[in-house]
Amino acid sequence: MKTSDPGDFAAVVAGLAKLCNRQYHREPLSKALGNGLFELRHVSKLNTRVLWFFMNRRGQAGLTLVELLVLIVILLVLAFCCHTRCGTPMMMKHGMTEALSNMKQLHLTCQQMVLDGETTGDKSLGWPGSYATWGAWTAKVAPGYVSTNDLCKLLSAPGFVVPPGKIPPMKESAVRVYAVTKDSPTNAVLLTSANFTNTPTGGEPLNPSAKPFGNKGFVVFRKSGDGAIYRPNQTGQTNIIGAFVPMCR
């Protein structure tokens, strides 16, 4: 129907308005089909068929208690399904984003240590690979650059919290640190989430039981200062993960 036909357009609108009035629910304008179902037809200039539902009991204005309870149950089931399908992946993505932020802070700490070493000539300050062990590196980081408790927070992730007060062995943290040195390429992998271990071939497939993120994804941060969250099927892709260096001992 075109608005350029104002007469017909007005007739159609008037016909539609009649559909809302019970007085037109009678022969020949309507035909009772049973169970409160009517077929309305030929209303004004509307030559069409419309199925019209209304309650069997005239004047009923609301839902019964049983109908209301059924509606509530349906809504609860839909809410549960939505949470199951969408809630968990969103929480996991939020956790990976938090881990990526912690790695950024760790990288900034490493950069500050390297800068201080170059400025002062202190050869005891450098990248993690400049130290013989994980313990020797963390002993320089805390309390020299961050507090012990703050370093524990940076080594944590949702679902894998490092207790404050004492720096744990690396296998008990949510982060893996690699022995990057000043001679390592800029795309060398510096940090990863603990559920992923980088290898010369780009890492092994993720283990569903590995903390903190199982086989839902993993986080990588490189020497150059850029990092990303990766999908499970991106393990083994050395071109996007970065260059391999051994893990700190």
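Considering the range 89-105, and only residues there that are over 14 Å from GLY159 (Cα atoms) and of a type in the set (S, T, N, Q), the residue that is surrounded by the fewest Cβ atoms within 10 Å (Cβ to Cβ) turns out to be SER101.
Looking only at the range 209-249, how many residues end up being basic (Lys, Arg), part of a strand (DSSP E or B) and surrounded by fewer than 17 Cβ atoms within 10 Å (Cβ to Cβ)?
Taking the range 209-249 as the starting set, the residues that turn out to be basic (Lys, Arg) are 211, 216, 222-223, 231, 249.
Now restrict to residues that are part of a strand (DSSP E or B): 222.
After this cut, where a residue has to be surrounded by fewer than 17 Cβ atoms within 10 Å (Cβ to Cβ) as well, the list is none.
Final tally of qualifying residues: 0.
Within the range 115-128, the set of residues being in contact with a helix residue (DSSP H, G or I) (Cβ under 9 Å, 6 or more places away or on another chain) and assigned to a helix (DSSP H, G or I) comprises GLY117, PRO128. With respect to the conditions (1) farther than 15 Å from HIS107 by Cβ; (2) in contact with a Gly (Cβ under 7 Å, 6 or more places away or on another chain); (3) modelled with pLDDT of 95 or more, PRO158 lacks only one, and its number is (3).
The values are calculated or read from the model by the stated rules, or taken from the named source; none is laboratory data. As the structure is a computational prediction, the values presented were derived from the model and not from experiment. Note: ideal-geometry Cβ built from the backbone for every residue, glycine included; neighbour counts use all protein chains shown.
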